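The structure appears below as structure tokens.
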Amino acid sequence: MIRQDEVYKIGKIGKAHGVKGEVTLRFTDDVFDRVDAEYLILNVDGILVPFFMDEYRFRSDETALVKFCDIDTVERASELTGCDVFFPRSLAPVDDEEMTWSQIVGYTLIDVDDDGKEKEVGRIDDVDESTDNVLLTLDGGQLVPAAYDLIADIDHDSRKLYMNLPDGILDL
């Protein structure tokens with residue numbers, strides 16, 4: 001059984017496309033193409049299920065048409081509409097240069113001050129990349145700016161993001 005902490009969200013299935021079982025994938029991370037993945041994981045009725053891909057092709061920078069194995073009718077494809085799409089953390093690149101914001105969802109945010117003192121701020125629940133100013137949403141609903149120059153370190157093994165946050169930012 002696939003556990004939620006083993007994956008991270010990369011998109012959502014849209015409408016069925018055509019009559020041969022293709023679906024539209026609206027993605028926020030194209031990691032499935034960068035690491036040449038064979039499958040994606042869909043949340044089907046609360047259960048994380050792997051779906052192997054026959055093929056896919058990009059329609060834009062945010063959408064792809066995907067043909068999953070054994071999904072070969074518009075009716076079967078329509079059953080997947082609205083499913084969240086996840087990618088296994090074990091297959092994702094952990095090189096900080098290739099890492100995407102989506103991959104840090106689930107990490108714990110640690111504020112490191114100029115004296116090296118660490119303070120746990122909260123768990124990262126979501127990343128909003130809809131504007132030029134990327135925001136991290138923490139488990140209490142608090143928003144924190146996500147800027148590369150604020151990142152002090154990333155510990156992928158313990159799933160912690162260390163940031164040197166400006167004084168007072170957490171009081172907003």
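The values are calculated or read from the model by the stated rules, or taken from the named source; none is laboratory data. Given the structure is predicted, the values throughout are model-derived calculations rather than measurements. No Cβ is skipped: glycine too gets one built from the backbone with ideal geometry, and neighbour counts run over all protein chains shown. To get the accessible areas, we keep the full protein, side chains included, count just its heavy atoms, and leave off ligands, DNA and RNA. Shrake-Rupley method; radii C 1.70, N 1.55, O 1.52, S 1.80 Å.
General remarks:
- In summary, the lysines within cross-link reach of Lys15, defined as a Cα separation below 19 angstrom excluding same-chain residues under 8 places away, comprise Lys67.
- Label positions at Asp54 and Arg26, each projected 7 Å from the Cα along the C-beta direction, are separated by 2.5 nm.
- Residue-normalised accessible area of region 20-150, expressed per residue, 1.4 Å probe, Å²: 56 Å²
- Placing a label point 7 Å from the Cα of Cys69 along the Cα-to-Cβ direction, none of the residues of region 2-16 has a backbone N under 13 Å of that point.
- Placing a label point 7 Å from the Cα of Ile47 along the Cα-to-Cβ line, no residue of region 57-100 has its backbone N under 13 Å from it.
- Residue-span extension gain [Met99 to Asp128] - 0.36 nm each, minus C-alpha spacing: 8.9 nm
- Equivalent ellipsoid semi-axes, region 3-138, via Cα gyration tensor eigenvalues times 5, rooted, Å: 32, 14, 13
- Region 81-128 versus region 1-42: alpha-carbon centroid distance in Å: 19 Å
- Stretching the chain fully between Tyr39 and Asp171 yields a gain of 43.3 nm (0.36 nm per residue, less the alpha carbon separation).
- Length available on full extension from Ser90 to Lys15: 0.36 nm per residue minus the Cα-Cα distance, which gives 24.1 nm.
- Surface share of carbon and sulfur [accessible, 1.4 angstrom probe, percent] for the chain: 46 percent
- Assigned charges on the beta-carbon of Lys, Arg, Asp, Glu; the chain dipole about Cα centre (debye): 900 debye
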